[in-house]
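So the structure is just underneath, and the comments pick up after that.
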Amino acid sequence: MGRAGCFFPGGEVKVAAVCNFSQDRFPLTSTLSALIRLARPRHWVKNAFVAAPLFFTPEAINRQSVGQVALAIAVFCLLSSAVYAINDWRDCAADRLHPVKRTRPLPAGELSVAAALVFAFVLLVAAGALSLAALPPAFIALAFAYAAANILYSLWLKHVAILDVLLIATGFVLRIDAGAAAVGIHPTVWIIVCTGLLALFLGLAKRRDDLVRAMSETHRPSLKGYNQRFIDASLAMVLGALLVSYIIYTTDAALIAKFGTDKLYLTTPFVIAGVLRYLQITLVEERSGSPTDIALGDRFMIVAVLGWIATFAILIYGWR
């Protein structure tokens with residue numbers, strides 16, 4: 001077994017732990033499987049936020065705009081996978097000590113560091129080429145602002161308490177802005193606010209899970225800036241702001257005039273049910289480590305999300 005040195009991004013200190021990987025030639029199928037896992041396609045579901053501005057703008061929906069949004073989502077999938085590869089490279093030494101993350105391709109020794117970095121570079125180039133070929137400059141600027149912010153997050157900023165969860169929220173807001181730029185529309189301020197608060201809520205819940213699992217500061221230095229009491233108070237504050245903002249959004253006079261219905265408040269129970277279920281998972285079941293797994297695997301959450309989408313679609317597309 002060979003050794004590839006990994007550095008923990010907490011200042012300039014080199015961590016003694018290293019990532020092992022086989023120097024024998026990797027079988028093609030094994031390498032492809034490892035690269036796919038490194039890309040984390042399950043997490044591409046987060047990029048559905050790119051389509052939100054078009055969904056909430058029925059008059060802008062046509063074949064061209066749908067195609068533009070589909071390309072925009074593809075670009076974000078490429079960018080997010082590149083960021084995951086860079087993140088796993090930087091964290092591979094620490095991840096080998098984590099009960100779940102140690103099975104990822106780099107810490108498990110299934111993929112070399114060089115292969116992971118080349119893969120990240122190829123994904124970034126592919127995202128750039130696709131953007132330049134088919135998407136407007138405003139989208140390109142926002143998409144690569146997202147990539148730059150998330151690379152900085154992976155390299156350093158995720159180890160700064162509070163800033164780490166704010167950057168997670170910023171990533172989701174940039175998805176919304178980029179999706180709007182892809183088709184030349186302007187998202188309402190309330191969509192931006194609600195998206196940012198929801199992402200902040202999920203980020204705080206994830207940090208709480210780290211504390212519950214007794215993750216050490218060696219694995220995530222930002223944890224020294226958190227404790228359970230602080231996280232619980234922050235969750236309550238953000239959740240309250242989210243629900244109030246959403247209710248204001250659904251009763252906004254301009255929005256009612258735009259959609260031609262004053263019944264948007266009927267979507268509120270699905271939002272309340274969804275966030276309360278996630279709060280239950282976080283505080284009672286204490287398993288909020290992966291928002292993606294919860295969104296794709298928890299039946300209650302799936303019903304709440306689908307119910308919200310269906311109700312909103314009926315109101316803004318079929319009410320008239």
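Condition check ((1) at pLDDT below 90; (2) out of contact with any strand residue (DSSP E or B) (no Cβ under 7 Å at 6 or more places or on another chain); (3) at positive phi; (4) not in a helix (DSSP H, G or I)) across all residues:
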residue	(1), (2), (3), (4)
R3	yes, no, no, yes
F8	yes, yes, no, yes
V13	yes, yes, no, yes
A16	yes, yes, no, yes
L38	no, yes, no, no
R42	no, yes, no, no
A48	no, yes, no, no
A52	no, yes, no, no
S65	no, yes, no, no
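When you check D88 against the structure, is it acidic (D, E), over 16 Å from N150 (Cα atoms) and assigned by TED's automatic domain parsing to the domain that holds I151, yes or no?
no
L235 - would you say it is of a type in the set (A, V, I, L, M, F, W, C), buried (at least 20 other Cβ atoms within 10 Å of the Cβ) and under 30 Å from A93 (Cα atoms)?
No; evaluated as a whole, the condition is false for this residue.
When you look at V193, is it closer than 24 Å to Y249 by Cα and assigned by TED's automatic domain parsing to the domain that holds T292, yes or no?
When the stated conditions are applied, V193 passes them.
What's the total number of residues in region 258-282 that are more than 20 Å from L211 (Cα to Cα), out of contact with any helix residue (DSSP H, G or I) (no Cβ under 7 Å at 6 or more places or on another chain) and free of Cβ contacts under 8 Å to residues at least 12 places away in the same chain?
Counting residues in region 258-282 that are more than 20 Å from L211 (Cα to Cα), out of contact with any helix residue (DSSP H, G or I) (no Cβ under 7 Å at 6 or more places or on another chain) and free of Cβ contacts under 8 Å to residues at least 12 places away in the same chain gives 3.
Just give me the residues in region 50-83 being closer than 20 Å to R40 by Cα, out of contact with any His (no Cβ under 7 Å at 6 or more places or on another chain) and of a type in the set (S, T, Y), in sequence order.
Within region 50-83, just S81 meets the criteria.
Take the residues in region 260-274 that are surrounded by fewer than 18 Cβ atoms within 10 Å (Cβ to Cβ) and either part of a helix (DSSP H, G or I) or of a type in the set (D, E) (or both), then tell me which one is farthest from the chain's Cα centre (by Cα).
In this case the residue turns out to be D262.
Restricted to region 128-160, and to residues that are aliphatic (A, V, I, L, M) and touching a residue at least 60 places away in the same chain (Cβ under 8 Å), which residue is surrounded by the most Cβ atoms within 10 Å (Cβ to Cβ)?
A143
Could we say that A310 is among the hydrophobic types (A, V, I, L, M, F, W, C) and modelled with pLDDT of 95 or more here?
So A310 fits the description; yes.
On the basis of being at pLDDT 90 or above and charged (D, E, K, R), does D88 make the cut?
Here the answer is yes, as D88 does meet what is asked.
Across region 165-199, which residue is nearest to the chain's Cα centre (by Cα) among those that are closer than 15 Å to A60 by Cβ and part of a helix (DSSP H, G or I)?
Restricting to residues being closer than 15 Å to A60 by Cβ and part of a helix (DSSP H, G or I), the top hit is I176.
Every residue in region 97-127 that is within 21 Å of the chain's Cα centre (by Cα), surrounded by 17 or more Cβ atoms within 10 Å (Cβ to Cβ) and part of a helix (DSSP H, G or I), please.
The answer is K101, A116, F119, A120, L123, L124, A127.
S222: among the small types (G, A, S), over 28 Å from R40 (Cα atoms) and within 21 Å of the chain's Cα centre (by Cα), yes or no?
Here the answer is no, as S222 does not meet what is asked.
Which of the numbered conditions does S245 fail, given that it passes all the others? Conditions: (1) free of Cβ contacts under 8 Å to residues at least 40 places away in the same chain; (2) outside the structural domain of F56 (by TED's automatic domain parsing).
Exception for S245: condition (1).
Okay, residues lined up against (1) modelled with pLDDT of 95 or more; (2) hydrophobic (A, V, I, L, M, F, W, C); (3) part of a helix (DSSP H, G or I):
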position: R208; (1), (2), (3): no, no, yes
position: L211; (1), (2), (3): no, yes, yes
position: M215; (1), (2), (3): no, yes, no
position: T218; (1), (2), (3): no, no, no
position: K224; (1), (2), (3): no, no, yes
position: V238; (1), (2), (3): yes, yes, yes
position: A241; (1), (2), (3): yes, yes, yes
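Within the set of pairs 6+ apart or on separate chains, which have a first residue in region 283-312 that is closer than 9 Å to F270 by Cβ and not assigned by TED's automatic domain parsing to the domain that holds P269, a second that is at pLDDT 95 or above and of a type outside the set (A, V, I, L, M, F, W, C), and C-beta atoms under 9 Å apart?
Cβ pairs passing all conditions: none.
Hey, could you check region 153-164 for residues that are more than 15 Å from the chain's Cα centre (by Cα) and in a helix (DSSP H, G or I) and say which is nearest to S222 (Cα to Cα)?
Here the residue is H159.
The values are calculated or read from the model by the stated rules, or taken from the named source; none is laboratory data. Source: prediction; values computed, not measured. Reconstructed Cβ throughout: ideal geometry from the backbone, glycine too, with neighbour counts over all protein chains shown.
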